[in-house]
1. Please compute the contact order of the range 33-90 in relative form: average sequence separation of alpha-carbon pairs under 8 Å and at least six residues apart, divided by the residue count, as a percent.
2. Can you work out ³J(HN,Hα) from phi for every residue in the range 76-93, in order, using Karplus 6.51 cos²θ - 1.76 cosθ + 1.60 and θ = phi - 60°, giving whole Hz and x for Gly and Pro?
3. Using r as the Cβ-Cβ distance of ASP31 and ARG120, and R0 as 25 Å, what FRET efficiency do you calculate, to the nearest 0.05?
4. Give me the percent relative contact order of the chain, please, defined on Cα pairs under 8 angstrom at least 6 residues apart.
5. What residue among ILE27, ILE109, TYR5 has its Cα farthest toward the positive end of the dipole of the chain, where the charges are +1 on Lys, Arg and -1 on Asp, Glu, each on the Cβ?
6. Divide by every residue of the chain the summed helix terms, -39500 (n - 2.57) for each DSSP H run of at least 4, and state the resulting mean residue ellipticity at 222 nm, rounded to the nearest 500 deg cm²/dmol.
7. When the chain is treated as a GNM, springs tying every alpha-carbon pair under 10 Å, which of ILE13, ILE82, ILE109 comes out with the largest mean-square fluctuation?
8. Can you tell me how much longer the chain between LYS6 and VAL21 gets when fully stretched, taken as 0.36 nm per residue apart minus their C-alpha distance, in nm with one decimal?
Amino acid sequence: MVSNYKLWMDRAISSLKLASVKKEEGIYYEDLCFQAQQAVEKALKALLIKKGQEPERTHNLIVLLQKVMQFYRVPEDVKDLIILNDYAVQTRYPGDYTPIDEEEYREAIRIATKTIEWARKLI
């Protein structure tokens, strides 16, 4: 059964707010970028649900974006959201990756914010 797209959008906004919290000692940019990825993932799923589609159980933003593009015209700058794909799994847990710096984090927030703004207009 298809879920409530408005609730998914609310959760996307919540994840974006979590991603945007003030960086303090003990908070990792990796965790904030994970929340930015989650915001985008939930927004894309909200758009699919609005069209009566049951979104795949995936964190892959490329797969979700391709599906969304079947129903919506996606602006070129919003397509940058695929940059956030690695934050879903690769940096979610401690491991072998290059730590995220402030500049990369700010870019993740910019992309997530742009995506959420675009999706909200459609919803």
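Just so it is clear, none of the values below were taken in a lab; they were calculated from the coordinates. Predicted model, so just to flag it, every value in this text is computed and none were measured. Every residue, glycine as well, gets a Cβ built from its backbone with ideal geometry; the counts of neighbours run over all protein chains shown.
1. Relative contact order of the range 33-90: 46 percent.
2. For the range 76-93, the Karplus curve yields 4, 5, 6, 4, 4, 4, 5, 4, 7, 3, 5, 6, 5, 10, 3, 9, 5, 10 Hz.
3. 0.55
4. RCO, the chain: 35 percent.
5. TYR5
6. About -18000 deg cm²/dmol.
7. Of ILE13, ILE82, ILE109, the most mobile in the Gaussian network model is ILE82.
8. Difference between extended and current length: 3.1 nm.
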